[in-house]
Amino acid sequence: MNGSDEVKKAAADCIAAFARHDTAVYFAAFAPSATFIFHNTDQMIRSLQEYEVLWATWEAEGFHVLGCTSLGGSVQMLNVDVGIFTHAVRTTLADGDGTVKTGERETIVFQRIDGIWLGVHEHLSIDPTF
């Protein structure tokens, strides 16, 4: 398997874990030093631990992922150890008020660390076509 295929597989595994709200597998897809920028937060999340704390807060408010579909994924390899995965994502969530469907664009930067592809940065923006 080449680097691009390995990044696609790492992304697919991460998205599948997110889609089934499997937090252990989902968070294991990221490096401890990963950063996150989400359109629904007011500042950058500067570590995986900070993201896990925020996620727990969301869960306490009724947040739960019900499903997630990736559309049009592509990989750009920067070198043998860094790849950028981009795609459109359609997510169904439960929140404190009911069920919500979202359409977003996402970029996940993956780095091969000790032989394992881990997300080191994730960026979500609203998909204006949704």
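The values are calculated or read from the model by the stated rules, or taken from the named source; none is laboratory data. Fair warning: this is a prediction, and the values are worked out from it, not measured in the lab. Cβ placement follows ideal geometry from the backbone for every residue including glycine, while neighbour counts extend to all protein chains displayed. What goes into the accessible areas is simple: the full protein's heavy atoms, side chains included, and nothing from ligands, DNA or RNA. Shrake-Rupley method; radii C 1.70, N 1.55, O 1.52, S 1.80 Å.
What to note about this one:
- Scattering curve values for the chain, log₁₀ I(q)/I(0), Debye with Cα scatterers, q = 0.16 Å⁻¹: -0.79
- Relative to one another, the C-alpha centroids of region 89-130 and region 40-63 are positioned 13 Å apart.
- Gained length - THR92 relative to ALA28, 0.36 nm times residue gap less alpha-carbon distance: 20.9 nm
- Cα-based helix-to-principal-axis angle, 48-60 vs the chain, degrees rounded to 10: 30
- Here the simple spin-label model places points 7 Å from the Cα toward Cβ, and for ALA12 and THR102 these points are separated by 2.4 nm.
- Apolar share of the accessible surface for region 43-110: 51 percent from carbon plus sulfur atoms, 1.4 Å probe.
- The chain: most fluctuating residue of ALA28, ALA56, ALA12 per GNM, C-alpha cutoff 10 Å: ALA56
- A simple packing score, the average count of other Cβ atoms within 10 Å per residue, orders the peptides 121-128, 57-64 as 121-128, 57-64, with the highest score first.
- GNM on the chain, alpha-carbon springs under 10 angstrom: the most fluctuating residue among GLY119, GLY73, GLY98 is GLY98.
- Under a Gaussian network description of the chain, with springs only between Cα atoms under 10 Å, the residue in LEU48, LEU93, LEU78 that fluctuates furthest is LEU78.
- Two-site FRET efficiency, MET44 against THR69, from Cβ-Cβ distance with R₀ of 30 Å, rounded to 0.05: 0.70
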